[in-house]
Amino acid sequence: MSAGPLSDSVQKDARLLADVAAIARVEAIPSILDVCCRVTGMGFAAVARVTEDRWIACAVRDEIDFGLGVGGELPVRTTLCDEVRDTREVIVFDHAAEDPRYATHHTPLTYGLQSYISMPIIRADGSFFGTLCAIDPRPHRVSKPETIQTFELFAALIAAQLDADERLARSQADLVDERTAAELRDQFIAVLGHDLRNPLAAIQAGTEMLKREDLDPRAAKVVDQMRVSALRMGRLINDVLDFARGRLGGGLPLNAQTGVQLGHTLEQVVGELRSAQGGRAIRTDFALARPVACDPDRIGQLLSNLLANALTHGSPDGEVRVRAVSDADGFELSVTNQGAPISPSARADLFKPFKRLGPGQVREGLGLGLYIASQIAAAHGGVLEVASDSAETRFTFRMPA
């Protein structure tokens, strides 16, 4: 007599496990969670499958040791996501202790939260999948319209990908409705290109203005840290924007010019990163005998990504070398650093998007920098290669004349 209910329970568990696996197949999820944490300043972000009686973590970024991994569960009634499931409306607060509604609410009290945002993920058929949420034990200003819009767009992108994955499983040829995909693409690019870049530009301008003031050493150090963070955020936004354009918008755009003198562009990139890294040893060797036909901004971006990668993953006390040559054969740019070699297995996937290093190794950013650099190289008709051994790691971009 109990076989029927048991079978229903097993089937329900299987469907939930399939939902967790579907989220794991969405390559952009680590990037989305990374951006959510960076935009808000919060330390924990997750995609959760939420039903009437279950709350399951499908993907997690945890920088606050919240202690919940993929597949982990919370009692659904203790979560605000349960209320999001009922109302299908975003719940967000900046400082629970100062919010009349949430100061005594059981969820922030149970989990020690001060800042919180939970955005519903709604499938195309109108069904509720779960939430894209972020939490932190410290207060953060997350109720800004641009932040809510970013979470709303990311939730829509996740829902669209889940729908596409389901249609693929059914062997349907029309994976994504063209108009919906185009609208989501345009919204995604608009959010990154406008709603995130404009506030970032204001922060960068403010830090430059503060640097000219007579600050005490502690304040000057804080301003320098803000400037470095703003530069990193700018590179992150550029990489995600380029990825969106390349994968969703039809290729990486170039503004190709003839007769480009690249010396100033390359020196400027090296100077910015040298300053941001506290005067790290970066040696340059430029022999630019001939002008180059290229997009100078993109070549600068390629160097910036390669140099940032070398400074991050190379030996902290080792010298980084940048070499550029332009002659009758073409243009060659290389970045070399000391440190542990890249394994052959890691090299095979090095230029793929959203790739991470092995267990126990830390990689800053989204895993897009080297991918974007390789796409810039390809757009110029060139090639980006890597050679790595115990002595050094060298990335080399070659472009024929």
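The values are calculated or read from the model by the stated rules, or taken from the named source; none is laboratory data. Just so you know, these numbers come straight off a predicted model, no measurement behind them. Note that we place each Cβ from the backbone using ideal geometry, even for glycine, and neighbour counts take in every protein chain shown. We work out accessible area using only protein heavy atoms, side chains counted, and drop any ligands, DNA or RNA first. Shrake-Rupley method; radii C 1.70, N 1.55, O 1.52, S 1.80 Å.
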**Item:** Counted residues, region 315-350 - those being closer than 30 Å to ALA289 by Cα and touching a strand residue (DSSP E or B) at 6+ places or on another chain (Cβ under 9 Å)
**Value:** 20
**Request:** For region 32-45, state whether one or more residues are in contact with a strand residue (DSSP E or B) (Cβ under 8 Å, 6 or more places away or on another chain) and in a strand (DSSP E or B).
**Result:** yes
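Let's see how each residue does on (1) in contact with a helix residue (DSSP H, G or I) (Cβ under 7 Å, 6 or more places away or on another chain); (2) among the small types (Gly, Ala, Ser); (3) over 17 Å from VAL47 (Cα atoms); (4) at pLDDT 95 or above:
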| residue | (1), (2), (3), (4) |
| --- | --- |
| ASP62 | no, no, no, yes |
| GLY71 | yes, yes, no, no |
| LEU80 | yes, no, no, yes |
| VAL92 | yes, no, no, yes |
| ILE117 | yes, no, no, yes |
| ILE121 | yes, no, no, yes |
**Fill in**
Checked LEU288, LEU311 against criteria (touching a Leu at 6+ places or on another chain (Cβ under 8 Å) and over 24 Å from LEU350 (Cβ atoms)); the one match is LEU288
**Prompt:** ALA346 versus (1) open to solvent by less than 50 Å² (accessible area, probe 1.4 Å); (2) modelled with pLDDT of 90 or more: which is the lone unmet condition?
**Reply:** (2)
**Request:** Give the residue that is farthest from VAL50 (Cα to Cα), with candidates limited to residues of region 93-138 that are crowded, with 22+ Cβ neighbours inside 10 Å and aliphatic (A, V, I, L, M).
**Result:** LEU113
**Request:** Among the candidates SER315, SER326, SER345, single out the residue that is assigned to a strand (DSSP E or B) and more than 18 Å from GLN375 (Cβ to Cβ).
**Result:** SER326
**Asked** Has region 42-56 got at least one residue that is at pLDDT 95 or above, over 21 Å from ASP82 (Cβ atoms) and open to solvent by less than 20 Å² (accessible area, probe 1.4 Å)?
**Response** yes
**Message:** Against the conditions (1) within 29 Å of the chain's Cα centre (by Cα); (2) part of a helix (DSSP H, G or I), where does ALA97 fall short? Just the number, please.
**Reply:** (1)
**Fill in**
When every residue in region 142-182 that is modelled with pLDDT under 80 and not in a helix (DSSP H, G or I) is compared, the one most open to solvent (accessible area, probe 1.4 Å) is ARG170
**Request:** Collect the residues in region 137-160 that are over 19 Å from the mean Cα position of the chain (by Cα) and under 23 Å from ALA103 (Cβ atoms), keeping them in residue-number order.
**Result:** PRO137, ARG138, PRO139, HIS140, ARG141, SER143, LYS144
**Asked** Considering region 59-86 alone, what residues qualify as being open to solvent by 30 Å² or more (accessible area, probe 1.4 Å) and in contact (Cβ under 8 Å) with a residue 24 or more places away in the chain?
**Response** VAL60, ARG61, GLU63, ILE64, PHE66, VAL70, GLY71, THR78, ARG85
**Prompt:** What residue, among those in region 369-401 that are in contact (Cβ under 8 Å) with a residue 24 or more places away in the chain and among the polar types (S, T, N, Q), is most open to solvent (accessible area, probe 1.4 Å)?
**Reply:** SER390
**Message:** Pairs please, first residue from region 314-332 and over 17 Å from ARG280 (Cβ atoms), second anywhere and in a loop (DSSP other than H, G, I, E, B) and at pLDDT below 90, Cβ atoms under 9 Å, 6+ apart in sequence or on different chains.
**Reply:** SER326/ALA401; ASP327/ALA401; ALA328/ALA401; ASP329/ALA401; GLY330/ALA401; PHE331/ALA401
**Request:** Check region 75-82 and report whether any residue there is of a type in the set (S, T, N, Q) and not in a helix (DSSP H, G or I).
**Result:** yes
